[in-house]
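Enquirer: Okay, here's the structure, questions in a sec.
The values are calculated or read from the model by the stated rules, or taken from the named source; none is laboratory data. None of the values given here were measured: they were computed from a predicted structure. Positions of Cβ are generated from backbone atoms using ideal geometry, with glycine treated the same way; all protein chains shown enter the neighbour counts. In case anyone asks, the SASA skips ligands and DNA or RNA and just uses the protein heavy atoms, side chains included. Shrake-Rupley method; radii C 1.70, N 1.55, O 1.52, S 1.80 Å.
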Amino acid sequence: VLVLGRRDAGLFVGDPHALLRSSPWYRAMLSPLLVSVGCVDTPAAANVRAWLSAGTTMLPPEALDDKVIFSSEMSTLRGASAYSAAATRWDADAAALLKPYRTSVSRLVPLDGQRVAVRWRAAWDPASLAWAPPLARLLGWEIERFDLDPEVVSNFRWMAIFELFAAALRTRVLRLPAASVEGRAVYCLEEGRCVAHEESLDLVRTADSGRLRNRRAAENIAEFLDVARRPDGSEPEEWAAAVRARVLSGVPGAGPQRGRLCLGLLCARGGLRRAAKRGRDRRRGDDGGVRRGRRGCVRGDRGQAVGRFQSVRE
């Protein structure tokens, strides 16, 4: 009674929180503070939580305002149709090429009545370690994934391989690095629909600051950007070059030679693979003859290719 100035405090003995919420002091001071630290849910936060329950970081079409804007470090999308088309393609490509692709929300906090911040994580198994799960199942080992430190240089050492298997033999647990990307999204809502979606990726900001030193972590974010964030209408080769310059340049072990190799991997797994296929189809023709390419040749036999180009780009 002395603190809240309520003479009818005895009526709220069964629900002291109702007394607190009904006070002018709570509405004026404490309620905004609790919302800002995520202790109190808001209608906007409840909507975003429901929209993200499908296991994706992009919002469904019914959540979008017609003039919604998606912005990130690498691209910008304007309008609900462009947003939905990109989100559908990104999710499909990630599920098909980054196996097994999985996303999770680690934290969802309302910033105010209309804005919601979300921490999310996307993870998949590295293609270079595809041999490990069958071996672990054969030997009866468990697999334990761990995150790489993006600021620590990764160097290949045979002693590290020996120590890895020695520990697995002793503990029956095989510890392998995870391919993962973490980010932060801020959704701004008006009248129950999203009008702005701002995204920032941790490893891109780490690369911008010059602190990205781990080659595997750099290749993970490059692969994610190529497969799951390339905007519609962008040229695959130009996008891959922009990604390489943004997150691979300056990383030890991911220099020009490694960068070209990583570009070749993206050709095989991402958007550049489709561009290379269209180029081969154009050069192959239907006459069953021989067409020469830039660095190799494809021999036609009733329109079927029996050879392949040797250049990384093809």
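Enquirer: Using only C-alpha positions, report the orientation-averaged shadow area of the convex hull of segment 140-251, nm², one decimal.
Expert: One quarter of the hull surface, i.e. the mean projection, equals 10.4 nm².
Enquirer: Using the Karplus curve 6.51 cos²θ - 1.76 cosθ + 1.60 with θ = phi - 60°, what ³J(HN,Hα) values do you get for each residue of segment 172-177, in whole Hz, with x for Gly and Pro?
Expert: Whole-Hz 3J(HN,Hα) from phi for segment 172-177: 6, 10, 9, 8, 10, x.
Enquirer: Out of residues 5 or more away from R175 or on other chains, whose amide H comes under 5 Å of its own, with H placed 1.01 Å from N in the peptide plane?
Expert: E144
Enquirer: Additional query: How big is the dipole moment of segment 176-217 about its Cα centre under a simple scheme where the beta carbon of each Lys and Arg is +1, that of each Asp and Glu is -1, and everything else is neutral? Debye, nearest 20, please. Kindly include the intermediate steps, with their values, before the conclusion.
Expert: Values: 7 positive and 7 negative charges, 96 e Å.
So the dipole magnitude of segment 176-217 works out to roughly 460 debye.
Enquirer: Run through segment 181-243 and list the GluC sites (Glu not before Pro) located in a DSSP loop whose Cβ has at most 14 other Cβ atoms within 10 Å.
Expert: Qualifying residues, ordered by number: E191.
Enquirer: Hey, another quick one. Please list, by residue number, every one of the GluC sites (Glu not before Pro) in segment 101-156 that is coil in DSSP and has at most 16 other beta-carbon atoms within 10 Å. Walk me through the numbers before you get to the answer.
Expert: Values: sites: E142, E144, E151; in loops: E151.
Passing both the DSSP loop test and the Cβ count: E151.
Enquirer: In segment 43-146, what chymotrypsin sites (Phe, Trp or Tyr not before Pro) fall in a loop by DSSP, with at most 12 other Cβ atoms inside 10 Å? Walk me through the numbers on the way to the answer.
Expert: On the way: sites: W51, F70, Y83, W90, Y101, W120, W124, W131, W141, F146; in loops: Y101, W131, W141.
Passing sites in segment 43-146 are W131.
Enquirer: I need the semi-axes of the equivalent ellipsoid of segment 56-188: take the C-alpha gyration tensor, multiply each eigenvalue by 5, square-root it, list largest first in whole angstrom.
Expert: The three semi-axes for segment 56-188 are 38, 16, 14 Å.
Enquirer: What accessible area, in Å² to the nearest ten, does a 1.4 Å probe give for L139?
Expert: My reading of the accessible area for L139 is about 70 Å².
Enquirer: How big is D, in µm² s⁻¹, for segment 70-112 by Stokes-Einstein at 10 °C and 1.306 mPa s if Rh is the Kirkwood radius over C-alpha pairs?
Expert: 126
Enquirer: Separate question: Give the ranking of S71, S128 by solvent-accessible surface, highest area first, calculated with a 1.4 Å probe. Let's see the in-between values first.
Expert: On the way: S71 35, S128 75 Å².
Sorted by accessible area, descending: S128, S71.
Enquirer: Also, quick follow-up: Can you give me the long-range amide H partners of E190? Hydrogens built in the peptide plane at 1.01 Å from N, cutoff under 5 Å, separation of 5 or more residues or another chain.
Expert: The answer is V195.
Enquirer: Okay, moving on. Write down the percent of antiparallel bridges among all DSSP beta bridges whose residues are both part of segment 26-175, to the nearest 5.
Expert: 80
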